[in-house]
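Student: Pasting a structure below so you can have a look.
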Ligand SMILES: [Cu+2]
């Protein structure tokens with residue numbers, strides 16, 4: 001019998017709620033609203049094997065609380081964005097239209113596509129009123145990713161204003177089509193964020209915190225006090241922690257078993273039953289909930305710490321979608337063949353955050369790795385040098401999905417045995433990662449507390465292909481693309 005995980009696994013003394021500036025979540029005083037489900041983005045056209053999408057970043061208004069609408073930003077809508085579906089093996093052409101009053105970028109968090117332009121980091125700006133076109137192939141396992149802006153040092157503020165959208169990749173080679181997959185019916189996104197409302201508006205500058213901005217109101221898919229009506233016994237939740245800083249400690253009022261089937265980079269080797277799960281910023285988890293024992297009208301409350309974020313109300317079960325879960329969800333080879341060791345030391349808090357003792361410089365290449373070789377990355381968090389302080393830094397790498405080999409020399413947690421791109425690193429911990437890039441280019445790696453990343457807790461790697469050598473001059477690239485590389489670290 002598989003052991004049920006019923007704690008959050010991480011170092012409790014480093015949890016965000018110990019911070020003096022912590023804001024606990026309150027349940028908003030607003031009527032319950034149906035959980036918003038992002039629409040599926042329709043292709044503009046399919047031509048010669050290429051699928052065309054257009055994504056506008058735009059300003060709008062969204063009714064979130066009772067009373068006045070909130071001024072928000074979104075993709076192809078006023079808040080968040082549609083589901084963008086990719087299929088592995090296909091070629092995509094995207095038109096990115098910036099209707100915002102400031103420069104932005106489109107970063108595909110979790111997609112293994114070339115950097116820095118297609119990947120959408122700060123080297124790939126789209127100026128207000130302009131549009132750009134990019135093209136890329138998708139070649140990767142079935143997974144849940146997301147889109148967000150990455151224009152340093154304004155990533156945090158732009159995400160706060162509402163820019164984020166769910167992304168999925170389906171790969172016929174490892175997809176498990178028998179699992180619930182009807183979007184909005186038995187397969188739903190749970191995009192968790194927190195915002196403070198000031199007379200129904202968001203005010204990033206007023207709420208700004210150097211260690212990560214927190215809000216007191218939980219939103220799921222941009223819905224406050226959200227409710228979803230369950231119409232099939234199995235429900236697949238695609239949970240994304242889309243907050244700037246807040247750790248999501250997800251649990252339910254009935255402590256039911258949630259079966260984790262996937263993490264950031266796709267299916268786990270085996271399903272992991274748990275009653276509690278912690279996701280730091282940008283981490284994803286796919287959870288299967290079995291509600292077959294519930295009757296019409298029954299409710300299950302999803303909570304972040306002690307605050308309800310989503311009410312699941314059972315309606316009429318219209319179709320039985322239960323299947324036998326395969327004992328092995330995915331074959332994963334953990335063999336290591338490379339030789340090089342890379343080191344990443346995440347240090348400091350507030351404005352003293354650094355990676356390997358340095359602040360980000362978008363014209364500097366901090367590390368190199370050969371395409372197609374797997375190498376070890378040792379990622380540590382030295383916040384244990386401040387007794388009674390220190391925080392968890394979620395470490396994210398662009399351009400590939402890694403495997404976790406160990407935490408402080410011990411086995412990774414059972415739900416960390418699949419591919420990931422973001423990993424929580426506790427103070428005093430060394431996490432060893434097996435990293436293999438299959439696309440070349442310049443990629444960032446950084447703390448995914450968005451304010452830390454904007455302060456400069458970020459570095460970049462050149463992934464090189466000896467068969468196609470390329471000389472990167474990032475100063476010239478920035479000048480050509482109209483990026484003020486000096487401004488990238490200057491937090492206003
Ligand atoms: Cu950090």
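The values are calculated or read from the model by the stated rules, or taken from the named source; none is laboratory data. Since the model is a prediction, treat every value here as computed from it, not as a measurement. When we count neighbours, we look across all protein chains shown, and the Cβ atoms used for this are built from the backbone with ideal geometry, even at glycine.
Student: Pairs only if they're at least six apart or on different chains, beta carbon under 8 angstrom, first in segment 365-394 and in the same structural domain as residue 212 (by TED's automatic domain parsing), second within 16 Å of the ligand (Cβ to nearest atom) and modelled with pLDDT under 95; list them, first residue then second.
Tutor: none
Student: Within the group 128, 166, 177, 172, which residue is free of Cβ contacts under 8 Å to residues at least 12 places away in the same chain and more than 30 Å from residue 347 (Cβ to Cβ)?
Tutor: The unique qualifying residue is 177.
Student: Does at least one position in segment 63-82 carry a residue that is outside any loop (DSSP other than H, G, I, E, B), without any contact (Cβ under 8 Å) to a residue 24 or more places away in the chain and surrounded by fewer than 19 Cβ atoms within 10 Å (Cβ to Cβ)?
Tutor: no
Student: Shifting gears a bit: Scanning for something in contact with a strand residue (DSSP E or B) (Cβ under 6 Å, 6 or more places away or on another chain), over 23 Å from residue 456 (Cβ atoms) and crowded, with 20+ Cβ neighbours inside 10 Å, does segment 386-401 turn up at least one residue?
Tutor: No, that holds for no residue.
Student: Also: In this structure, is residue 179 modelled with pLDDT of 95 or more, closer than 29 Å to residue 63 by Cβ and touching a strand residue (DSSP E or B) at 6+ places or on another chain (Cβ under 9 Å)?
Tutor: No; evaluated as a whole, the condition is false for this residue.
Student: Next question, about the same structure. Scan segment 197-220 residue by residue and report those that are without any contact (Cβ under 8 Å) to a residue 24 or more places away in the chain and either outside the structural domain of residue 242 (by TED's automatic domain parsing) or not in a helix (DSSP H, G or I) (or both).
Tutor: Once the filter is applied, which keeps residues that are without any contact (Cβ under 8 Å) to a residue 24 or more places away in the chain and either outside the structural domain of residue 242 (by TED's automatic domain parsing) or not in a helix (DSSP H, G or I) (or both), segment 197-220 yields 198, 203.
Student: Do the conditions hold for residue 122, that is, is it touching a strand residue (DSSP E or B) at 6+ places or on another chain (Cβ under 6 Å), outside the structural domain of residue 267 (by TED's automatic domain parsing) and buried (at least 21 other Cβ atoms within 10 Å of the Cβ)?
Tutor: Spelling it out, it is not the case that residue 122 is touching a strand residue (DSSP E or B) at 6+ places or on another chain (Cβ under 6 Å), outside the structural domain of residue 267 (by TED's automatic domain parsing) and buried (at least 21 other Cβ atoms within 10 Å of the Cβ).
Student: Do we find a residue being in a strand (DSSP E or B), away from the ligand (no atom under 13 Å from the Cβ) and closer than 30 Å to residue 475 by Cα anywhere in segment 413-428?
Tutor: So far as segment 413-428 goes, no, none of its residues is in a strand (DSSP E or B), away from the ligand (no atom under 13 Å from the Cβ) and closer than 30 Å to residue 475 by Cα.
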